[in-house]
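Since the structure comes first, as structure tokens, the remarks are kept for the end.
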Amino acid sequence: MTSLTLFDTPALKGATTEASSPAGGVYTASAVADALAAFRSAPRKSLAYGLGVDSTALLLAILDDPVSFGIAEDFSDFSVVTALTGFEFPDTIAAVQDHVLPRLRAKGVRYAQVARAGHLEEAGVQVLSDTTTPGRVFSRGQWTLMDEMEANGTVPQYSGGHRCSIKFKGFPIDSFQRSQAGGQTVGKLFGYNADEFRRAAEANKHQARRDKKAGARTFALDYPLIRLGWDREAVQGYVQERTGVAMAKSYCPVCPFSGVCSPQPDHLKRLRKYPDLAARVLRLEYVSMALNDNSSLYKDDTLFRRVTADQNTDALGQFGARLDEEDWAVYRVQRAYTAGRRPECHTAHGDRCAKPGCRDSGIKGTVYRSVKTVRTGSRAEASAFLRNAAVALNRRVEHSTAHGLGVDRVRTHTRPDSKTYGTVEDFYVTAPAGVQDKARDSFATVWSGMTGGQ
Ligand code: SF4
Ligand SMILES: [Zn+2]
């Protein structure tokens, strides 16, 4: 195991030169030294504790030898903060309760558990616990990632990076830390391991943008495991040696980044252990794909197919039972796919331009969605209603097989193809109930402009 002489050896394994850094030069020796100096001089230091094996390794190492990490020996300048997304594997929570909380209590380290308080940032942050004697890890706050996904009928977005993480982890943790810092820079530790350069690089870029906007250094970030060169294997070995348990990575069972947050075989194994959680995610994926064929959990694959291939009959059985027992809805889904602006329009007309001539039907613009529940009832009742609607509208019932269980829809507007923009779609579909009626801002205006009010 690498010895903990962090400040004597600022640039470590695989991170010594700009050219060799997979993160694109973020970990040059001088950049690491600067970051360390900023971190050390911050009056308050805080670990963003994700409950998984990586940040547990870092926390255990800090508890043993805080001074090596630039933290006061009595932990008076240090705190640990966890953001609860509200959807954790129970074995993660149990391992932290059994093996980490007693150590925090013994050392009197301040531990806060926070969560996003609502859909909008204005709702703020809920502090579920903030104490030096933590007794339990909360499983959820008042608003969770799954609450949001189920209300929207969508899975976490694969494209555009870890937006769900920024929203449900980054926002509550940053807000809490800032609120405690009285306007001073917060030294912030992340438990990314040495295989996770890219995550650190992304976090640094994001932080640089925020500091620029704020006109001050709000957080000084440090990634000791990367500097120490502790990769996944080293981290797992260290935690097992210290606690006697093989702790897993912490991530939401609904995570679309299967290769990043957990290698797929491990994830499927965990879903076999927790078939009820798998069934909840399978249900969400089904609803999401009912509203949009392309909205599977993974970029080019469905969780349903993977769980089926894995012969996880418990999860599939519970998923099937949920579908049979729950209320269903007939939803009306409308989408307006506006055409995007030509590149020359951006150059000539700046951030905004409403000239129709500047749009190109081959370029994707903004997509405006409206979802409304038209009817609820049993699965059979919803299906019968859809069939009656098809007859009344003189349309056929389309059966999509994008999801292995199939989805039935009745379309009243069909796009000519998926690559032509300035087009709309409008359909009725059956799926489990619970998606909230919602339309994107300006939906009505855009829709009526594109359809002549139909
Ligand atoms: S673990 Fe995955 S789903 Fe959960 S917040 Fe992070 S990126 Fe999103
Ligand atoms: Zn223009």
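The values are calculated or read from the model by the stated rules, or taken from the named source; none is laboratory data. Computed from a prediction, not measured in an experiment: that's the story for all the values here. Please note: Cβ atoms are built from the backbone with ideal geometry, for glycine as well, and neighbour counts cover all protein chains shown.
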With criteria (1) in a helix (DSSP H, G or I); (2) buried (at least 21 other Cβ atoms within 10 Å of the Cβ), Glu88 comes up short on (1)
Going through region 431-444 in order, the residues found to be out of contact with any helix residue (DSSP H, G or I) (no Cβ under 6 Å at 6 or more places or on another chain) and crowded, with 19+ Cβ neighbours inside 10 Å are Val435
Scanning region 154-182 for residues that are within 16 Å of ligand 1 (Cβ to nearest atom) and outside any helix (DSSP H, G or I) gives Thr154, Val155, Pro156, Gln157, Tyr158, Ser159, Gly160, Gly161, His162
Going through region 152-196 in order, the residues found to be surrounded by 15 or more Cβ atoms within 10 Å (Cβ to Cβ) and of a type in the set (Gly, Ala, Ser) are Gly153, Ser165, Gly170, Ser175, Ala181, Gly187, Gly191, Ala194
Condition set on the phi > 0 side of the Ramachandran plot and modelled with pLDDT of 95 or more, scope region 388-430, selection surrounded by the most Cβ atoms within 10 Å (Cβ to Cβ): answer is Gly406
Residue set Val260, Val235, Val245; condition touching a helix residue (DSSP H, G or I) at 6+ places or on another chain (Cβ under 9 Å), more than 16 Å from ligand 2 (Cβ to nearest atom), within 26 Å of Leu84 (Cβ to Cβ) and modelled with pLDDT of 95 or more; output residue Val235
Of Ala309, Ala279, the only residue that is surrounded by fewer than 20 Cβ atoms within 10 Å (Cβ to Cβ) and hydrophobic (A, V, I, L, M, F, W, C) is Ala309
A careful count of residues in region 324-354 that are within 16 Å of ligand 2 (Cβ to nearest atom), in contact (Cβ under 8 Å) with a residue 40 or more places away in the chain and touching a helix residue (DSSP H, G or I) at 6+ places or on another chain (Cβ under 8 Å) gives 1
Hey, does region 191-214 have a residue that's under 23 Å from Phe75 (Cβ atoms) and either part of a loop (DSSP other than H, G, I, E, B) or at pLDDT 85 or above (or both)?
yes
Filtering region 98-108 down to residues that are surrounded by fewer than 22 Cβ atoms within 10 Å (Cβ to Cβ) and hydrophobic (A, V, I, L, M, F, W, C) yields Leu101, Leu104, Ala106
Going through (1) at pLDDT 95 or above; (2) in contact with a strand residue (DSSP E or B) (Cβ under 7 Å, 6 or more places away or on another chain) one by one, Ala35 fails only at (1)
If you check Ala33 against the conditions, is it part of a helix (DSSP H, G or I) and surrounded by 20 or more Cβ atoms within 10 Å (Cβ to Cβ)?
-> no
Take the conditions surrounded by 15 or more Cβ atoms within 10 Å (Cβ to Cβ), at pLDDT 90 or above and touching an Asp or Glu at 6+ places or on another chain (Cβ under 6 Å) and apply them to Phe78. Does it pass? no
Note on region 221-236: residues surrounded by fewer than 22 Cβ atoms within 10 Å (Cβ to Cβ) and touching a residue at least 24 places away in the same chain (Cβ under 8 Å) are Leu221, Gly229, Asp231, Arg232, Ala234, Gln236
>> Any residue that is within 29 Å of Phe319 (Cα to Cα) and modelled with pLDDT of 95 or more - is there at least one of those in region 438-446?
In response: yes
State yes or no: is Val114 within 16 Å of ligand 1 (Cβ to nearest atom), outside any helix (DSSP H, G or I) and modelled with pLDDT of 95 or more?
-> yes
If you go through Thr338, Thr347, the only one that is surrounded by 15 or more Cβ atoms within 10 Å (Cβ to Cβ) and hydroxyl-bearing (Ser, Thr, Tyr) is Thr338
Gly317 fails exactly one of (1) more than 21 Å from the chain's Cα centre (by Cα); (2) over 29 Å from Gly191 (Cβ atoms); (3) surrounded by 18 or more Cβ atoms within 10 Å (Cβ to Cβ), namely (3)
